[in-house]
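A quick write-up on the structure given underneath.
The values are calculated or read from the model by the stated rules, or taken from the named source; none is laboratory data. Note that this is a predicted model, so its numbers are computed, not measured. Every residue, glycine as well, gets a Cβ built from its backbone with ideal geometry; the counts of neighbours run over all protein chains shown.
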Amino acid sequence: MLHHSVKVFAALLAALLSAAPVSAVPRRAGENADLFRAIEDGNPAAVESLVKAGADVNAAREDGGTPLLYAAWYGRTMAMKTLLAAGADPNPKTLLWARTPLMWAARNGQTRAIGMLLAAGADVNAKNGQGFTALMNAALNGQTDAVKRLLDAGADLHAREGSGETATMLAALYGHAVTLELLICAGGDVNSVDSYGRTALMYAAPRGDTEVIELLLKNGADAAAKDYAGHDAVWHLNQNRQMPAAEKERLADLIRGAVKR
């Protein structure tokens with residue numbers, strides 16, 4: 001069933017993108033263990049001392065994570081300042097999923113860290129192994145301030161990940177109305193389709209979030225559109241087996257009403 005695949009995708013996506021990097025403390029001595037530990041502990045004085053003593057700011061763990069990547073994940077901006085000043089690469093990628101420091105900072109809404117990374121030359125439109133950008137990471141987690149910061153820096157609003165989802169679709173999928181409105185106001189296309197022909201409205205319908213559905217319809221979402229399997233938004237809504245029947249019918253009427261207008 002198509003909706004089942006959407007639910008599975010959403011669950012897997014949330015698990016993959018919510019997981020922190022592997023423990024910031026390296027498993028083997030000689031991998032800047034003290035530096036990683038100082039970052040994890042939030043000890044900027046120790047970070048500065050270790051860097052001055054010659055710690056390699058670009059030495060990566062076995063997963064490809066550098067000190068800067070972990071500092072961005074934790075939002076350790078003072079440590080980031082030290083690392084960047086010492087020549088830390090702003091665009092390293094982990095070996096697993098190929099995430100950058102900017103993606104981690106965006107996912108967690110670390111706007112100050114985002115600003116520091118961008119100023120240091122971080123690629124605002126870099127993609128990870130699944131095709132996700134920093135903007136997509138911010139959008140799917142409802143990090144509105146991070147989304148604004150990235151858009152101001154030239155993030156590609158229309159970039160797509162491997163299955164064709166845009167930041168606008170992801171904000172709708174996860175029910176982040178404020179973030180979605182910002183993306184729409186910035187030019188996000190509410191009627192673009194993914195690799196299966198699904199629109200943002202089809203993503204939002206099964207969640208049953210009235211605010212998101214109304215926002216999409218208000219901004220021109222095509223309520224009559226069908227995916228490549230021939231299913232419209234009401235069909236996707238009806239795949240939610242847990243939603244009370246009365247609520248489901250209310251939302252179905254809302255969508256059908258938009259078709260008639």
Can you work out which of the residues in region 89-121 that are of a type in the set (Gly, Ala, Ser) and surrounded by 23 or more Cβ atoms within 10 Å (Cβ to Cβ) is nearest to the chain's Cα centre (by Cα)? ALA106
Consider LEU251 against the criteria (1) more than 24 Å from the chain's Cα centre (by Cα); (2) within 30 Å of ASP156 (Cα to Cα): it satisfies all of them except one. Which criterion is unmet? (2)
From ALA221, ALA225, ALA204, grab the single residue that is within 19 Å of the chain's Cα centre (by Cα) and either assigned to a helix (DSSP H, G or I) or not charged (D, E, K, R) (or both). ALA204
Do we find that GLY230 is assigned to a loop (DSSP other than H, G, I, E, B) and either within 21 Å of LEU170 (Cβ to Cβ) or under 27 Å from the mean Cα position of the chain (by Cα) (or both) in this structure? no
Do we find a residue being in a loop (DSSP other than H, G, I, E, B) and modelled with pLDDT under 55 anywhere in region 88-99? no
Total residues in region 43-81, condition more than 20 Å from MET103 (Cα to Cα) and part of a loop (DSSP other than H, G, I, E, B): 5
Of the conditions (1) surrounded by fewer than 19 Cβ atoms within 10 Å (Cβ to Cβ); (2) in contact with a Gly (Cβ under 8 Å, 6 or more places away or on another chain), TRP235 satisfies every one except a single condition; which number is it? (2)
May I ask you to verify whether GLY257 is loosely packed, with under 14 Cβ neighbours inside 10 Å and not in a helix (DSSP H, G or I)? no
Could you please find all residues in region 164-188 being surrounded by fewer than 24 Cβ atoms within 10 Å (Cβ to Cβ), hydrophobic (A, V, I, L, M, F, W, C) and in a helix (DSSP H, G or I)? ALA177, VAL178, LEU182, ILE184, CYS185
